[in-house]
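> First the structure, then my questions, so here it is.
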Amino acid sequence: MKIEERDGITIITTDERLDAVVAPQLKEAVSKLAEQAETKLVIDLEHTRFIDSSGCGALVASLRAIIKSNGDMKIANPSPQAKTLFQLTRLHRVFEIFDDMDAAVKSFTSS
Amino acid sequence: MKIEERDGITIITTDERLDAVVAPQLKEAVSKLAEQAETKLVIDLEHTRFIDSSGCGALVASLRAIIKSNGDMKIANPSPQAKTLFQLTRLHRVFEIFDDMDAAVKSFTSS
Amino acid sequence: MDDELSVKIEVPAEIILLRPLDHFVRILLGQLPAFSGREQLINNIELAFDEAFTNIQRHAYRSQHKGPVTIEIKVGPHSLEFRFEDQGQSFDPSSVQPPDLDQPAEGGLGIWLMRQVMDEFHYHSEADGKNVLRLIKRFPQHDGDSA
Amino acid sequence: MDDELSVKIEVPAEIILLRPLDHFVRILLGQLPAFSGREQLINNIELAFDEAFTNIQRHAYRSQHKGPVTIEIKVGPHSLEFRFEDQGQSFDPSSVQPPDLDQPAEGGLGIWLMRQVMDEFHYHSEADGKNVLRLIKRFPQHDGDSA
Ligand SMILES: Nc1ncnc2c1ncn2[C@@H]1O[C@H](COP(=O)(O)OP(=O)(O)O)[C@@H](O)[C@H]1O
Ligand SMILES: Nc1ncnc2c1ncn2[C@@H]1O[C@H](COP(=O)(O)OP(=O)(O)O)[C@@H](O)[C@H]1O
């Protein structure tokens, strides 16, 4: 997992898998970010081939935490597996998902 | 495994692993190529992370077959694991090994 | 099931085993002709396997007691079966409520996902304290990547 | 050996298992603190494991009879042990000539490589027809990627 800031937007790039092994780390990292109000967060799934229910749970928890402090969270670059899973769980209606990073970042500036 | 021809040079690009699973395929493909005299062959290991003794054996067999029909075989892009293995087995003195494809191809034209 | 291939794995219920096991399953299936070109099917089966192991580690053994898990993988010509055996806390899957997908929660998806992506889900507890979970997937008979 | 982690795997001696098993080992080791940043060490141990399994499949069972192989992986704080058990043809490793590296051959490297990259190589046959191969690797105590 990698965290960087670019032009006021925080980008978390997750590893090959977003599973029960790393879900707690993601939740913790985002809950720290959410201590600041109005955090703009993109979760970049470009390198993430596989997500399980623990990963979904961490993403839901992250969105909650960020929204609670008046920020917003977007998801970029879902893999085919992630897309299928988000659709199955209907999380594609909960998350704002973008097929590339640019679109995710722009969605903040235009709002 | 992928076989192509470029300017009279045959390039075999091996997969992630060159192990006991695929060693027979490599040997067979090269022995077919060696039916023609003076085959110029490059084995491109760019995508190959891991080689075992069966893989080494297939490379030795390939070199033999190609040389027997007056061709020549070079190896390009060995991974760190392949380099270590070639050194351990002293095959680095048997194979002509190049760190990139260009150098491997040029080594034919300049000879 | 006409077994073509049968594998048995005994591991402690530690989360460090999740990825080695998932990869074992994924790479094994990826080499089987029945799964050739069916990436989504492999993803779904890897997911079910992952959820089953995670649940045993997290719930049956409450993430602490690193008790034994015995996993059997059987691949036949027409179907695949996972069998997980643990000696931890048992539960009653029929009493687990399906998730309300309109109210996304942080948990409660595991069992439901296993049932979604696999064809059969069986769970029972034995008198000697063993709990057995069986997941079965029948291979699609037609071309295409359905799951 | 103070076991921290112990895994037992029973598979048929089929070449289709080689990659799933190798990946299992590689991904397990990759998560252990003792192997952090030691890619070459992991490569070498994966190689020894790969050679041991391949030899059982090819020699003990002569590539045909897909007999059982039981593999135990034990990781302690200071060392790692693989134990392979087969019920096929036995052999005498001490009668295997080391390869002549000046005369590259198409085979004959497997046993020698296992001995090169591991710290201990033990093989014995038991009265009931079981053959047992044990490979042990002690972890380097100092920093750096030696192997
Ligand atoms: N293998 C298991 N052993 C014991 N209890 C389990 C097991 N799997 C699931 N459970 C119970 O069923 C509940 C629902 O599981 P699941 O649908 O996977 O969601 P979650 O794991 O997020 O709670 C768990 O909270 C737990 O109480
Ligand atoms: N597990 C085994 N069971 C039976 N025989 C074996 C086993 N491993 C090795 N051998 C014997 O030892 C010889 C040398 O093995 P090895 O060094 O791995 O080279 P190779 O496998 O290329 O012959 C083999 O040819 C075989 O006769």
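The values are calculated or read from the model by the stated rules, or taken from the named source; none is laboratory data. The structure presented is a predicted model; accordingly, all values stated were derived computationally and were not measured. All Cβ positions, even for glycine, are placed from backbone atoms using ideal geometry, and neighbour counts span all protein chains on display.
> Hydrophobic (A, V, I, L, M, F, W, C) and in a helix (DSSP H, G or I) - does that describe any residue in segment C:62-70?
The answer is no, given that none of the residues of segment C:62-70 is hydrophobic (A, V, I, L, M, F, W, C) and in a helix (DSSP H, G or I).
> Please find, within segment D:6-16, the residue that is surrounded by the most Cβ atoms within 10 Å (Cβ to Cβ) out of those that are at the interface with another protein chain (Cβ under 7 Å from one of its Cβ atoms) and among the hydrophobic types (A, V, I, L, M, F, W, C).
D:VAL11
> Moving to a separate point now. Among (1) farther than 30 Å from C:LEU5 by Cβ; (2) away from chain B (no Cβ under 14 Å), which single condition is D:PHE121 missing?
Of the numbered conditions (1) farther than 30 Å from C:LEU5 by Cβ; (2) away from chain B (no Cβ under 14 Å), the odd one out for D:PHE121 is (1).
> Taking segment C:17-38, which residues are at the interface with another protein chain (Cβ under 7 Å from one of its Cβ atoms) and either surrounded by fewer than 17 Cβ atoms within 10 Å (Cβ to Cβ) or at pLDDT below 95 (or both)?
C:GLN31
> Going residue by residue through segment C:25-34, is there one that turns out to be touching a residue at least 60 places away in the same chain (Cβ under 8 Å) and farther than 30 Å from C:ALA127 by Cβ?
yes
> What about D:GLU72, is it charged (D, E, K, R) and more than 14 Å from chain B (Cβ to nearest Cβ)?
For D:GLU72, the condition - charged (D, E, K, R) and more than 14 Å from chain B (Cβ to nearest Cβ) - is met.
> Can you name the residue in segment C:85-118 that is part of a helix (DSSP H, G or I) and within 14 Å of chain A (Cβ to nearest Cβ) and, of all such residues, is farthest from ligand 2 (Cβ to nearest atom)?
C:TRP112
> For segment D:32-52, give me the residue count where each residue is within 16 Å of ligand 2 (Cβ to nearest atom) and hydrophobic (A, V, I, L, M, F, W, C).
Counting residues in segment D:32-52 that are within 16 Å of ligand 2 (Cβ to nearest atom) and hydrophobic (A, V, I, L, M, F, W, C) gives 4.
> Do we find that C:LEU101 is at negative phi, at pLDDT below 95 and more than 9 Å from ligand 1 (Cβ to nearest atom) in this structure?
yes
> Identify the single condition in (1) within 17 Å of C:VAL25 (Cα to Cα); (2) under 16 Å from the mean Cα position of the chain (by Cα) that C:GLY76 does not satisfy, given that it satisfies every other one.
Evaluating C:GLY76 over (1) within 17 Å of C:VAL25 (Cα to Cα); (2) under 16 Å from the mean Cα position of the chain (by Cα) leaves (2) as the failure.
> Looking for something more than 24 Å from B:ALA82 (Cα to Cα), outside any helix (DSSP H, G or I) and within 14 Å of chain C (Cβ to nearest Cβ) - is there at least one such residue anywhere in segment D:41-61?
Among the residues of segment D:41-61, not one is more than 24 Å from B:ALA82 (Cα to Cα), outside any helix (DSSP H, G or I) and within 14 Å of chain C (Cβ to nearest Cβ), which makes the answer no.
> Among the helices (runs of 4 or more DSSP H) confined wholly to segment A:6-111, which include 1 or more residues that are in contact with a helix residue (DSSP H, G or I) (Cβ under 8 Å, 6 or more places away or on another chain), crowded, with 21+ Cβ neighbours inside 10 Å and within 10 Å of chain C (Cβ to nearest Cβ)?
Of the helices (runs of 4 or more DSSP H) lying wholly inside segment A:6-111, those with at least 1 residues that are in contact with a helix residue (DSSP H, G or I) (Cβ under 8 Å, 6 or more places away or on another chain), crowded, with 21+ Cβ neighbours inside 10 Å and within 10 Å of chain C (Cβ to nearest Cβ) span A:23-33, A:53-68, A:80-88.
> Another one. Give me a count of the residues in segment D:73-112 that are surrounded by fewer than 16 Cβ atoms within 10 Å (Cβ to Cβ) and closer than 30 Å to C:LEU17 by Cα.
2
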